[in-house]
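Below you'll find the structure, written out as structure tokens, and then a few comments.
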Amino acid sequence: MHIDKYERYFMIAAAGALGLFFAALLASTFIFGVRLPDAGSFINPNRLDETAFAEPGIRDMGGGRYEAYILARMWVFETGSDEYMEMEEGYSTPVVRFPLGSVVTFNITSRDVTHGFIIERHNANIEVIPGHVGTATVTFDQPGTYFAMCHEFCGLNHHSMHFAIIVEDELGTVASSQ
Ligand code: CUA
């Protein structure tokens, strides 16, 4: 069978691209440890009071590691924090603080509808679904203030559903180069 020269080039290029994509997939999985976010576990959204989400908040696990239990509902993230930060439009948002270098595992679920959870400039992006516990582990290695927010439209006050994460260096100060 005769195959035109250019046809053959394109077949080789297409096969090469597929091989490249497959190699990238293998490398991201086995070398860089990239995983899709998953529902770490299932939970009964009507019985959250019997789980760790009954008391949302940050647990210090020692050695710079923290477990954060965050409960999303219309239209707040319950973080267990009683510190608030004034926002521009006359409302305030909760603040949680971590020392520089903290490794924080966020466990998050919803009490009502589907919400979202991202932390700006960090690798955390969770679809917050009632009945699922989503998890993401984040290393905070730059001082600063980072907002965590809902990125799934969840109703009237979706835009005000967020909280602030302040990462402090050893002196308890935050770099101002934001
Ligand atoms: Cu919660 Cu949008």
Review point. What ³J(HN,Hα) values, in whole Hz, does the Karplus curve 6.51 cos²θ - 1.76 cosθ + 1.60 give for the range 157-168 when θ = phi - 60°, with x put for Gly and Pro?
Key: 10, 3, 5, 9, 9, 6, 8, 9, 10, 9, 9, 9
**Study point:** Only Lys, Arg (+1) and Asp, Glu (-1) charged, at Cβ; the chain dipole about Cα centre in debye
**Key:** 780
Check your understanding: Peptides 152-158, 29-35: what's the order by average Cβ count within 10 Å, highest mean first?
Key -> 152-158, 29-35
Exercise for review: Calculate, in nm to one decimal, what Val95 and Leu156 gain on full extension: separation in residues at 0.36 nm each, minus their alpha carbon distance.
Suggested key: 19.7 nm
Practice item. Specify which residue in the list Asn107, Gly131, Met1 is farthest towards the positive end of the charge dipole of the chain, using unit charges on the beta carbon of Lys, Arg (+1) and Asp, Glu (-1), about the Cα centre. Key: Met1
Check your understanding: FRET efficiency for Ser28 and Thr139, Cβ-Cβ distance as r, R0 = 22 Å, nearest 0.05?
Key -> 0.75
Exercise for review: Report, please, the projected area of the chain averaged over directions, based on the convex hull of its C-alpha atoms, in nm².
Suggested key: 16.2
Review point. How far is helix 5-26 tilted, in degrees, relative to the longest principal axis of the Cα atoms in the chain, given as a value from 0 to 90 rounded to the nearest 10?
Key: 30
Check your understanding: Which peptide among 136-142, 93-99, 11-17, 43-49 comes first, and what is the full order, when sorted by highest mean count of other Cβ atoms within 10 Å?
Key -> 93-99, 136-142, 43-49, 11-17
Exercise for review: Of all alpha-carbon pairs in the range 56-96, indicate the percentage at a distance above 15 angstrom.
Suggested key: 50
Check your understanding: Where in the range 79-96 is the amide nitrogen less than 12 Å from a point lying 7 Å along the Cα-to-Cβ axis of Arg111?
Key -> 79-80
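Read-outs: derived from the displayed coordinates by stated rules, not from any lab. Here the structure is a predicted model, which means the values were calculated and not measured. Reconstructed Cβ throughout: ideal geometry from the backbone, glycine too, with neighbour counts over all protein chains shown.
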